Every structure is written in C-alpha cells, then in structure tokens.
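Nothing in this text is a laboratory measurement; each read-out follows from the coordinates by a stated rule. Just so it is clear, the structure is predicted and the values come from calculations on it, not from any experiment. When we count neighbours, we look across all protein chains shown, and the Cβ atoms used for this are built from the backbone with ideal geometry, even at glycine.
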Amino acid sequence: MLAEVIAIGDELTSGQRLDTNSQWISQRLGEAGIRVGYHTTVGDELEAGMTAFRTAVDRCDLVISTGGLGPTADDLTRDVLARVAGVDLLLDEAVLEHIRSLFARRGRPMPERNVVQAMFPRGSRVVPNPHGTAPGIDLEVSRPGRGACRVIALPGVPAELFEMWSAAVAPTLVQSQGRGRVICHRLIKCFGVGESELEAMLPDLIRRGRSPSVGITVSEATITLRITAAGSSVEECRAAMGPTEEIIHRALGDLVFGYEQDELEHAVLRLLYQTGATLATAEWGTAGTLAGWLGEAAEPGAYVGSVVVRNWPAAVAALGLPAEAALGAAASRETALSMAAACRKQFGADYALAVAAFPTVPAGHEPPERVHFAVAGPEGLRVDSALFAGHPAVLKPRAAKQALNFLRHLLLARVRSGRLEG
C-alpha cells in the first residue's frame, strides 16, 4: 500500500507555520507497515485542493489529509472531497448534536456557521472528535478499473489529530493491513567529515535497491544515516538492520556520536556523566550557542555554567584575565587557551571548553574565518582550530558543533584510558 499525506492551509504555504503533522503521520503509517510516497502542501483554495486530491487519489491507495475542516469560508476540505468523489454533502444530525453539546458545555450558543462541520460527503464515515468541533471524514473514492482509494481527512489541531488517530484511525489501518508487515527505522548520527567523504566510506550501503536501505541527510554538518527495514514484526526488522548498523560502526568508528534524536551536546553530556566530570564553557563570537544547547540538555550537576561575550575586553573582564591582556587581542589559539584556563578556574569545573570565533563577519562573508577551540582539563590544555565560511546564522552552530566534537574526542580518550575520576 502506498500513501500520500496532504497538509492544507494558507498558513503552511505562506511559511507562517511549520507542518509537523505530516511528519508525525508518516511515522505512524510506517509503524503500520504503510509506505509514504508523497507529501503535499496546498493552500485554502477549492481548485488547488481538488487538483491535489485528484492527483493523490490517482497515484496512491491511501490519502491522509490534515486541516480545512473548520467552520469558516476558507475551510474547504469537505467540499473538495465531495467534488472529487462526485457526491453530495449530507447533514449528520448526530454529529450536529455533538457539536451543539460542546458549545453548551462552554456556556455558549452554537453559531450557525458551525452547522457546516456536520456535513459529510455521501457514503463517507465519521471519524469522531471527542474534544473538538471538527470531526474527520473517512471516504472511499472509486477509481475505474482499479480498487478504491481511501481518503481520511483529519483536523489540523495536533492534540485532536493525535487522539483521533489513536482511537479511530490506527485500528482500522491495522484491520485493513493485517499484522503481516511493519516498517522500522534506525537513525545513526555522525560528525566530523563531509557528506561525500562519508558516503565514500560506505560504498556498498548507500545505493538504490539495497535491503535494508540506507539514506543520508545533512543538517548543519551533522550527518544522519537512516536505516529502513520491513518485516513481519519489529523484532524481525531490528534483526535485519543489525548487520548494517555493525558495518556502519566498523567503517565510521568515532565519527558516529549517537542515535535517533541525539545531538552532539547529548553525546558530550553522556561522557561527562560516565566520567563523573563537570563542564563550563566560555564563548566569544558564537552568541551563547553552546550555553543554550548544553543548558537545555543537561541534568543538574554536569554543566555548571558559562561565560558569553561579544569582544575580547569583555572576556578579559568576565573571566578575570590580567588587564594588560585586553590590549589589541584578536581571536586566536592563545585567546582560546586563556579563556579555557580562566573559565575552568572561575567555575571550579573539571573541564572548560572555550570558543574564540569571529567577533565580526565581513558584509560579503567572502573570507573564511578561523575559529579556535580550547579545552582545559585534568590532562592539561588542548587547542584546535578550523576554517569556516558562509552566513553567520550557519557559522555559529557549525563552530559550536566543532567545539563540542573536539571535547567529545578528548572525553572518549579519557574513558578508554580508564581515568574516570573527576
């Protein structure tokens, strides 16, 4: 079975709101063993909606849509489905009474416009919405010479969508699919090389037609490998993915830092917990990126504090460096080392990670900027640097990730040497 997910709303096509519903639905369909072939986003226009649904019905066996089921004039999903199926809209009195009762519980009369939410294409089934006024629509659309396409239209409010899916949609998908097939995924996170270089390290894995399949995506220099397997059970899928995961680990080694939703800060924090060590950070030029990531992810104890500055004199003042150090300093290996050592002393941390980056970026962003990373720890001082080019919005998270990865490798060496005391 092939599925398409359609997200409806001008707020999505205009970019005012991010469509997270389609991602969630695709994950649930995969768990049910249904492959999603297409995602479509369409605005609140009748003709555009009809085109989107007709295309989806023609090429897929199952279509799930979200949005467009409200009471206003631009909520057109029910009209679109009726026209695509070639049927009338009929009033469902039971649904209308339910909507009236929802308003009554709130001490308000039901506006006349909400009657439209009780209108359904002839022959469709109601998908109950216990807590909202927008029930869903479950409709079979006939296709000459082929089996019908099933279309399920659900509201765009995530809380209502999730509950309706669990209670009314998922059980029917299991019934129609049977329990003979599931699709599972495994995400492996990597950092430290470019996409092309990493792909060259896995020549036989990332190719079409392989089972399990391996896909590759990149976001802000973090590479995600996605292993996908189909089988009769989750256990069978995991068994099928295991050898592929082992090949990836053998080929990539320490380039792999985590799984699923892991980020580099999670990998660093795990190593800190494992060693019983604490960490502080000092940032010049990255706008507190490290502090934000680590502060959000850390449990109490491991991450003890941060200093974030916009220029070297501010770093001198905040970190208690000698006053003469404020004269004429630029971002360099020496400034990064000074920041790390002073930060470790100030916070009493086992480790301090410092970034001395680009305090200003040229208007054209042409020249690469050298960013310096330093770690002060029980093993002494370590420093590294890397060249970055591009827009500051891209440079800052990449520089922060490079710094975290530098610290990660030092912590890995500590774990492997057996030095686990703070």
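Restricting to bridges with both residues inside the chain, how much of the DSSP beta-bridge set is antiparallel, in percent to the nearest 5?
Rounded to the nearest five, the antiparallel share is 60 percent.
The distance linking the range 340-355 with the range 372-391 is 13 Å (Cα centroid to Cα centroid, whole angstrom). For R143, R416, the sequence from fewest to most other C-beta atoms within 10 Å is R416, R143. Here the range 184-208 and the range 35-79 have alpha carbon centers that stand 35 Å from each other. Over all pairs of different C-alpha atoms, the range 182-259 has a mean inverse distance whose reciprocal, the Kirkwood radius, equals 12.6 Å. For a straight C-alpha distance cut-off of 12 angstrom, the aspartates and glutamates reachable from K401 (same-chain residues fewer than eight places away being disregarded) are E220, E263, E265. Taking the number of Cβ atoms within 10 Å of each Cβ as an exposure proxy, the fewest-first ranking of K189, K345 is K345, K189. For S417 and S232, the FRET efficiency from 1/(1 + (r/R0)^6), where r spans their Cβ atoms and R0 equals 51 Å, is about 0.70. Length gained on full extension, T20 to T72: 16.5 nm, using 0.36 nm per residue less the C-alpha separation. On average over all directions, what projected area in square nanometres does the range 129-280 have, based on the convex hull of its Cα atoms? Projected area, direction-averaged: 14.5 nm². Based on alpha-carbon atoms, the Kirkwood radius and the radius of gyration of the range 2-177 give Rg/Rh equal to 0.94. You can think of it this way: the chain between E112 and L381 has 89.6 nm of extra reach, that is 0.36 nm per residue less the Cα-Cα gap. Within the chain, which whole H helices from DSSP have a Cα span along their axis of at least 24 Å and a mean Kyte-Doolittle hydropathy of 1.0 or more, if any? Answer set is empty. Between D58 and N311, full extension at 0.36 nm per residue minus the direct alpha carbon distance yields a gain of 85.1 nm. Exposure proxy shown here: for S417, S232, S22, the number of other Cβ atoms within 10 Å sets the order, fewest to most, as S417, S232, S22. Qualifying trypsin sites (Lys or Arg not before Pro) in the range 95-145, where qualification requires a DSSP coil assignment and no more than 11 other C-beta atoms within 10 Å, comprise R106. Near M50, once Lys and Arg are set to +1 and Asp and Glu to -1 for all other residues with Cβ below 14 Å from its Cβ, the sum equals -2. Between the range 124-169 and the range 229-283, what's the alpha-carbon centroid distance in Å? Here the answer is 37 Å between Cα centres. A Cα-only calculation for the chain places Rg and Dmax at 27.6, 85 Å. In the chain, helices alone account for a calculated mean residue ellipticity at 222 nm of -12000 deg cm²/dmol, with every DSSP H run of four or more residues adding -39,500 (n - 2.57).
With one equal scatterer per alpha carbon and no solvent term, the Debye-computed log10 I(q)/I(0) for the range 264-417 at 0.14 1/Å reads -0.61.
Rounded to the nearest 5, the antiparallel percentage of DSSP beta bridges internal to the range 264-417 is 55%.
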